[in-house]
Amino acid sequence: MVWTLLHRFRFTALFLSIMWITGGLAHARDFTIASWGGNNQQTRSDLFFKPFAKANGISFLEDVYLGGWGVFQAMKDTGNITWDVVQVESSELARGCEEGVFVPLDWSRITDPSKLIPEAVSRCGVGMTLWSLSVAFDTKRLNKKPKRLEDFWDLKTLPGKRGMRQGPKLNLEFALMADGVPPAEVYRTLSTPEGVDRAFRKLDEIKPVLRLWKAGAQAPEWLLAGEVTMSMAYNTRINRAKMEGKSLDLIYDHAMYAVDSWAVLNGSPHVNTAYEFLKFFVESDKHIELATIITNVPTVIDAINRMSPEMRKDSPLGENVKNALFMGTGEHIEFWLDHQDALTKRYNAWLAKD
C-alpha cells in the first residue's frame, strides 16, 4: 500500500514537472514583430529587425498583419498574445489604446519626442512611416492617363476592372470624394445615414468590376498582370515597382495619407525588449536608406530633412497632398472608433448581395 502511494506520488510529481516544463516552453516564444508584409517588411527587416536582434543577441520572429480589428479582438478575448510589436494604422491604434490592447508608452524609455514629427507621437504609438493610398495604373495598358479620382469611376472612358483594399475604411471615403464631397466634409457626411447611403451608391457604380485586395503587394501585381486596369495602391508599393523599371504610376488627386505606428501589445512577455526595439528604431541611422529603397516618408525629422527633391516628388508631401484627406485627425479616428463595427457589417452584407 505504501509502495503504491509512493509510486503514485512520484508519477504525479513527474507528470506535473513535465507539464510545467512544456507549458513554460509553450509560452517562451521569441520576440515577435508584425508588419504589413511584402518588400516593405523585408526591407525593414534587413535594416532594423535583424540588426536589432543581432545587437541584443536575441532571436526574433516576424508575422504579417493585414489590417482590421479582428486579430486584436481575438487576442483580447483569448489572452493569447502572439505578437509583441505591431505596425498599425491610426484608427486601430486609437481603439487599441482606448480598450487596453496596447501599452501606454513611457517615452522616456524610447527617445525625445521632438525628434519625430508631431503626428508620430501618441500615447500608445511610435510613428514609423508616412504613407498614402491613391489611384495607380499601368502606363502601358492605358491610352489615356487618369488625372483625377473621378477617373477611377469612369468605366466608359477607362474600361476595365478596378482594385480596392478590402474593408469599408478608406473605400467609403474615396467614394464620397469621387462623388464631389470635399475632404474636409467627408466624416461629417459619413456620420449621417444619408451620407453612408451615398457612399455605398457610389461604390455600386463600380461593384460589377471590383476586385478587393488584402495585402498591399497584390495591387501592383494585379496591375502588371492586367487583372485590373486601375487600383487603389500604397505609394511605397508603386514607387518601388517604378524603381525596378516597372511601368506603373500613380496620381495624388484626393489621395488619403496617414502615419502608421509601432504599438506594443498589452500582455506581451517581451515588453522590455519592445521598448529597446522602439528606441533602436527611432535612433537608427537607416531611415534615409529605407526612404531611398521603398520611397516611404520617415517620421524622424532629421531623415525628412535629408530627403532629396526627387524623393519628395513621389511622396505624400507638399503639393501632392494639397487636396488629400489626412487619416490621422481626431475626426477620422473618432469616426472609425464609433462606426467601424457597424459599417463593416453593412459592407460585408453589401459585398454578399448580388
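The values are calculated or read from the model by the stated rules, or taken from the named source; none is laboratory data. Just so it is clear, the structure is predicted and the values come from calculations on it, not from any experiment. Backbone-built Cβ (ideal geometry, glycine too); neighbour counts: all protein chains shown.
Computed values, structure above
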| read-out | value |
| --- | --- |
| Pair list, Cβ < 9 Å and 6+ apart or interchain, from the stretch 305-317 residues that are at positive phi to residues that are in a loop (DSSP other than H, G, I, E, B) and modelled with pLDDT under 85 | none |
| Of the criteria (1) crowded, with 23+ Cβ neighbours inside 10 Å; (2) charged (D, E, K, R); (3) under 25 Å from residue 286 (Cβ atoms), which one residue 92 fails | (3) |
| Residue within the stretch 301-308 that is of a type in the set (Val, Ile, Thr), in the same structural domain as residue 99 (by TED's automatic domain parsing) and either crowded, with 17+ Cβ neighbours inside 10 Å or within 22 Å of residue 166 (Cβ to Cβ) (or both) present | yes |
| Matching residues, the stretch 207-218, being of a type in the set (A, V, I, L, M, F, W, C) and out of contact with any helix residue (DSSP H, G or I) (no Cβ under 6 Å at 6 or more places or on another chain) | 209, 210, 212, 215 |
| All positions within the stretch 198-222 that are outside any loop (DSSP other than H, G, I, E, B), within 22 Å of residue 247 (Cα to Cα) and either of a type in the set (Gly, Ala, Ser) or at pLDDT below 95 (or both) | 219 |
| Among the candidates 196, 121, residue that is touching a residue at least 60 places away in the same chain (Cβ under 8 Å) and crowded, with 16+ Cβ neighbours inside 10 Å | 196 |
| Any hit, the stretch 166-186, residues being closer than 23 Å to residue 235 by Cβ and of a type in the set (D, E, K, R) | yes |
| Selection from the stretch 223-245 of residues that are modelled with pLDDT of 95 or more and surrounded by fewer than 22 Cβ atoms within 10 Å (Cβ to Cβ) | 224, 225, 226, 227, 229 |
| Among the candidates 253, 249, 285, residue that is more than 20 Å from the chain's Cα centre (by Cα), in a strand (DSSP E or B) and either surrounded by 15 or more Cβ atoms within 10 Å (Cβ to Cβ) or not β-branched (Val, Ile, Thr) (or both) | 249 |
